[in-house]
1. For the chain, take the longest principal axis of its alpha carbons; what is the angle in degrees between that and the long axis of helix 10-20, to the nearest 10 within 0 to 90?
2. Can you give me the accessible area per residue for the chain, using a 1.4 Å probe, in Å²?
3. How many percent of the accessible area of the chain is carbon or sulfur, using a 1.4 Å probe?
4. Tell me, what is the percent relative contact order of the chain, built from C-alpha pairs under 8 Å that lie six or more residues apart?
5. With every protein chain left in place, what is the accessible area of H142 in Å² (1.4 Å probe, nearest 10)?
6. Considering the options A85, V57, L140, tell which one lies farthest towards the positive end of the dipole of the range 17-152, charges being +1 on Lys and Arg and -1 on Asp and Glu at the Cβ, about the Cα centre.
7. Please compare each pair in K72/K249; K149/K249; K154/K258; K149/K254; K72/K154 to a cut-off of 18 Å on the Cα-Cα distance and tell me which ones are over it.
8. What aspartates and glutamates does K324 reach when the alpha-carbon gap must be under 13 Å and sequence neighbours fewer than 8 apart in one chain are set aside?
Amino acid sequence: MSGDLKAYNIFDLRDLALKRVPRGLFEFVDRGTEDEVSLRNNRAVFDRIRFRPRTMVDVSRRNQDCTIFGVKHKMPLVIAPTGTAGLMWYEGELALARAARAAGIPFTLATGSITAMERVAEEAGGELWFQLYLWPDRSLSHELVNRAKAAGYKALIVTVDGVSSGNREYNIRNGFTIPFSFSARNVYDMVTHPRWLVGTMFRYFVTTGMPMYANYPAAARAKMTRGPMGRSSLRTDSISWDDLDALRKIWPHKLIVKGMLNAEDAAAAVDHGADGIDVSNHGGRNLDGIVSPIEVLPEIVDAVGKRATVFCDSGIRRGSDVVKALALGANAVMVGRSTLYGVAAGGEAGAARALQIFRDEIHRNLALLGVNGIGELGPQYLQFTDDRLRPPASPRPGLRAVDTKAAAEA
């Protein structure tokens, strides 16, 4: 099964993904924006945080159970929304959702996915969340919210850091953009990757035809070959707090705001009804030179950690990265590219392998730190080579395992 992939870490899965899928598609997933300063810093920042372990601690009964919004999960991970899973593997969203259910963690379906949210709910199940972009015509976005509610999704993640497309020049060069457009370069790229061409694209062509944005409303739905090259006609730069208020009124479950790097914004989001904040720089894919989430995570935790659940993403590739984020105050970590590499390498088995790698690495790190559960983690287990990463002087204990509602009532 997943062990047959011969992948011993996330970077091995990345190498396997690079071999299997067209390079243009791989770079669409793997790379950042412009000079990729943010992309590199997202990884480099973890090297500036060191561990300070305790010894002579019995850790034989350690576990990594995590409570998020009152629901117990088997790992402190959430599958982040990634709209290309269905291109990396045939019906890749279903593969990812099934792997997440088996691992006992939430799965987030992206607005730009090509498998309908209703199918994911019916055929994969598990703890399902839905990610939303706000479009110029808000009624179209609200239509998706109502569909997600009817399909049984438990949390809504609204992404607020995508008011403009990132300047990903390599996508134009490679001819791999969404909407997709055929060119001599990308056709050659596809035919030289026959496993992907036959196993993914050909299967779509003989079953449902050219992949489409299945979660778009009928008024906006389009094939991936339709529309202007490399542009998104459904982005809006007029987003405001009124939009969050409107979502809060129509969405009855947990509401998470994704893409915040400013403590004042995070506090305002909670004031406007957000139950969770995802500290994220979009994986370094939008604004180059932007701070890493880890660099601002402590101050955001300090600002809203008693009132909201705090997540973190961008640059997570190792179990040690997860543990560091938890020690800095995150309740859980979202992973996107890591599990996409797994899906590209081996479908559901590859995604399962990615999650197993994280589980094993977190388990090992807890043991070597002298920690029995993630609720024990805190900045006392870290050493900072950069004072900018140091948390506020009075970190609040026990933050990691506290449910939002319970914390608000305490």
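1. Helix 10-20 sits roughly 0 degrees off the main axis of the chain.
2. On a per-residue basis, 41 Å².
3. Percent of accessible area from carbon and sulfur atoms in the chain: 51.
4. 27
5. Approximately 50 Å² for this residue.
6. Final value for the positive-end residue is V57.
7. Flagged as over cut-off: K72/K249.
8. Correct list for K324: D47, E295, D313, E361, E376.
The values are calculated or read from the model by the stated rules, or taken from the named source; none is laboratory data. Since we're looking at a predicted model, the values are computed, not measured. All Cβ positions, glycine included, derive from the backbone under ideal geometry; neighbour counts span all protein chains shown. Ligands, DNA and RNA are stripped out before the accessible areas are found, and what is left, the full protein with its side chains, is counted by its heavy atoms. Shrake-Rupley method; radii C 1.70, N 1.55, O 1.52, S 1.80 Å.
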